[in-house]
Amino acid sequence: MERSRWHIVGSGLALLVMLAAFAAAVEPQQAPALDRVSILRDRAHTDELAYARLAHLCDRIGSRPAGSPTYREAVRWAVETLRTDRHQRVWQEPVSVPTWDRGRERCAALAPFPRQLAVLGLPGSVPGSVEAPVVVVQAIEEIGPLAAGRIVVFVPDIPATATAGERYWYFGLPRRDGAAAAARHGAVALLVASTPVHSLGTPHTGAMYYEDGVPRIPAAALASEDAAWLARLAAQGVEVRLQLELESVDRGRVEAANVLAEVPGSEHPEQVVLVGAHLDSWDVGQGAHDDGAGVIHVIETLRLIRELGVAPKRTVRAVLFANEEFGLDGGKAYAAAHGSELHVAAVESDLGAFRVLHFGASGSALQLGWLAQAAAPTGVPIRAGGGGADISALGDGVLQIGVFTDLEPYFDVHHSRADTLDKVDPTLLRDGLAKIAVLVWRLANEPLPAGL
Ligand SMILES: [Zn+2]
């Protein structure tokens, strides 16, 4: 028994040796590099720190709007975490950011009967208390003289076939530009319908902008259910009167920081592969998916690469950007400070910890071809078009890669009180990490084709 078992083990060993020799004969140069890909993937899939660190960021620090004390605490935590991971270089760079406090908010129907509406002010909005009849419009072009003295309510008619990303466009456009368009016609306030695929009475916020020379009117988002009610009443010719109170405070600009860390390249340290996410979030919820998940992807990618014990050929630089949400200040400051360096590629994770569907990339045909080759071991398809808000300031010459996830659950929680840790599946968080870590490792090692 004893002897026969050893015999089987011996035969197995002989077979393994033969297979190894065969593999070495076929691809003698490739084997070690592929091993590192497997190691990264395996370690990412069993990474217990990923979710634990996200839990700390969400539950112990919380939401981290630009210029807030909690953003400063997030910077302190990120620097300490990256130092704990023993990276050679960890540092901060100053970024000037705006600060806006939400304050108390209230929206109520006075007619046809009293009813509270779920509302969330749009950051940047002036405070105000208005009481006025409403006019419901579906698009900016519909705003006309009827808006004078009224609260303009945007409730788009979204095709049933629209994707989550397309639905978001129906919210984003009037959210950003609607207040100025409405004020030009004499409106006294703006309300915009939130447009997730699934809503449970949760309004979604996001940045808005005024125009010089146009009156600044209070602006807020409505839960899609309340917006739909107003639209149905308007369609029936029922006069609706609303009261909107926003007590927001603009606290001006303060100094914040981007957080950076590097694993230096062994052969081409001057060539940078950037992996980034934004450390700020809106003030509601916990910024778990937007963009806590991305922050963890970046921190853990750098740690897993350093812990391979073999330096990448190019420098891998992790960047946690300040204030993506309220003006892209971190991305602009990074590009101003580092734009002249040679960025071979920049990867951004800013679509949460949902299932990764593709890498969306912007670059030349040569760059995209090289990316497809480098990304092959991730198993993630490449699609032309995409990148990330923070890395966009690096300009067209840099290959920019965005991690595109399943946008339906993402936009359901995005910029809302529901973007909390309980919405994060630890397995999907780690699966996204595995794909990003392998991608970044390959981008930092794959030889560049002639002409790139
Ligand atoms: Zn984001």
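Worth a mention:
- The number of residues in segment 402-428 that are in contact with a Gly (Cβ under 7 Å, 6 or more places away or on another chain) and either in a strand (DSSP E or B) or among the charged types (D, E, K, R) (or both) comes to 6.
- When ALA182 is tested against (1) surrounded by 21 or more Cβ atoms within 10 Å (Cβ to Cβ); (2) assigned to a loop (DSSP other than H, G, I, E, B); (3) of a type in the set (Gly, Ala, Ser), just one condition goes unmet, and that condition is (2).
- Residue match in segment 296-306 (condition: touching a helix residue (DSSP H, G or I) at 6+ places or on another chain (Cβ under 8 Å), within 15 Å of the ligand (Cβ to nearest atom) and charged (D, E, K, R)): no
- Residues that are surrounded by 24 or more Cβ atoms within 10 Å (Cβ to Cβ), of a type in the set (A, V, I, L, M, F, W, C) and more than 10 Å from the ligand (Cβ to nearest atom) within segment 281-294 comprise just one, ALA288.
- Looking across segment 185-194, just one residue is surrounded by fewer than 21 Cβ atoms within 10 Å (Cβ to Cβ) and of a type in the set (Gly, Ala, Ser), and that is GLY186.
For (1) more than 30 Å from GLU255 (Cβ to Cβ); (2) surrounded by fewer than 24 Cβ atoms within 10 Å (Cβ to Cβ); (3) more than 14 Å from the ligand (Cβ to nearest atom); (4) modelled with pLDDT under 95, each residue gets a yes or a no:
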site	(1), (2), (3), (4)
VAL347	no, no, yes, no
ASP350	no, no, no, no
ALA353	yes, no, no, no
ALA372	yes, yes, yes, no
GLY379	yes, yes, yes, no
ALA384	yes, yes, yes, no
LEU407	yes, yes, no, no
LYS423	yes, yes, yes, no
THR427	yes, yes, yes, no
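- Among the conditions (1) over 27 Å from LEU302 (Cα atoms); (2) outside any strand (DSSP E or B), LEU57 misses just one, which is (1).
- Exactly one residue out of VAL136, VAL152 is more than 21 Å from the chain's Cα centre (by Cα), over 23 Å from GLY327 (Cβ atoms), in contact (Cβ under 8 Å) with a residue 40 or more places away in the chain and surrounded by 17 or more Cβ atoms within 10 Å (Cβ to Cβ): that is VAL136.
- Residue tally, condition crowded, with 21+ Cβ neighbours inside 10 Å, touching a residue at least 40 places away in the same chain (Cβ under 8 Å) and among the hydroxyl-bearing types (Ser, Thr, Tyr), over segment 158-179: 1
- When ARG232 is tested against the conditions (1) outside any helix (DSSP H, G or I); (2) without any contact (Cβ under 8 Å) to a residue 24 or more places away in the chain, the lone failure is (1).
- Taking segment 121-140 as the range and being of a type outside the set (Val, Ile, Thr), at pLDDT 95 or above and out of contact with any Phe, Trp or Tyr (no Cβ under 7 Å at 6 or more places or on another chain) as the test, the residues that pass are GLY121, LEU122, SER125, PRO127, GLY128, SER129, GLU131, ALA132, PRO133, GLN138.
The values are calculated or read from the model by the stated rules, or taken from the named source; none is laboratory data. Worth saying up front: this structure is predicted, and the values here are computed from it rather than measured. Counting neighbours? That spans all protein chains shown, and the Cβs are built from the backbone with ideal geometry, glycine included.
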